Amino acid sequence: MAEMFETDVTDYSFFTAGADLSAKQYHIVKLGSGGQIELCTSSDVPVGILVNKPRQGEAAKVRVKGVSRVKVSSAGLAQGAAYGADDNGYAVAMSLDKDNYLGMCLIAGPTSAGALATVSVDGMIRHTLHV
């Protein structure tokens, strides 16, 4: 299988980590109430994927658009599946009608918690049509 590289991406580094996220690289994150980056849970709206390993108060580099790797839940993630966060910030399949989905899986992740999948990221970019 061809390797998909992380290209044509938008990363923001002006966020700071609200907690020690040094063990949370490639987890799904949210914007906390204080404007800091925090680990995303299933009930949160994700902002993107953490691509560095910041400690509390350090700059958190967040992929908000493009292609990235993401850590998946123990259920894995199938190619073509929409995804969002579980309660541990891992990617988990979800339906597109949910407000808290983040993108689509491009290269599947195996059924092993913490395994990597390659995904599209559409964080912070929500298009809503009200008729």
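The values are calculated or read from the model by the stated rules, or taken from the named source; none is laboratory data. Nothing here was measured: the structure is a model prediction, and the numbers come from that model. Every residue, glycine among them, receives a Cβ derived from its backbone with ideal geometry; neighbour counts consider all protein chains shown.
A few notes on this one:
- Against the conditions (1) modelled with pLDDT of 95 or more; (2) in contact with an Asp or Glu (Cβ under 8 Å, 6 or more places away or on another chain), Asn52 satisfies every one except (2).
- The set of residues in the stretch 43-59 being assigned to a loop (DSSP other than H, G, I, E, B), over 17 Å from Cys105 (Cβ atoms) and of a type outside the set (Val, Ile, Thr) consists of Ser43, Asp44, Asn52, Lys53, Pro54, Arg55, Gln56, Gly57, Glu58.
- For the stretch 10-42, a residue qualifies if it is over 16 Å from Gln56 (Cβ atoms) and not in a strand (DSSP E or B), and the qualifying residues are Tyr26, Cys40, Thr41, Ser42.
- Here the condition is being of a type in the set (A, V, I, L, M) and at pLDDT 95 or above; of Ala17, Ala82, it holds for Ala17 alone.
- Scanning the stretch 67-119 for residues that are within 19 Å of Leu31 (Cα to Cα), surrounded by fewer than 19 Cβ atoms within 10 Å (Cβ to Cβ) and either touching a helix residue (DSSP H, G or I) at 6+ places or on another chain (Cβ under 8 Å) or among the small types (Gly, Ala, Ser) (or both) turns up nothing.
- Just so you know, in the stretch 41-91 the residues that are without any contact (Cβ under 8 Å) to a residue 60 or more places away in the chain and basic (Lys, Arg) include one that is farthest from Asp122 (Cα to Cα), and it is Arg55.
- When Val119, Val92, Val62 are checked against the criterion of being modelled with pLDDT under 90, part of a strand (DSSP E or B) and in contact with a Leu (Cβ under 9 Å, 6 or more places away or on another chain), a single residue qualifies: Val119.
- Residue, farthest from the chain's Cα centre (by Cα), within the stretch 65-81, restricted to residues that are part of a strand (DSSP E or B) and more than 19 Å from Ser22 (Cα to Cα): Leu77
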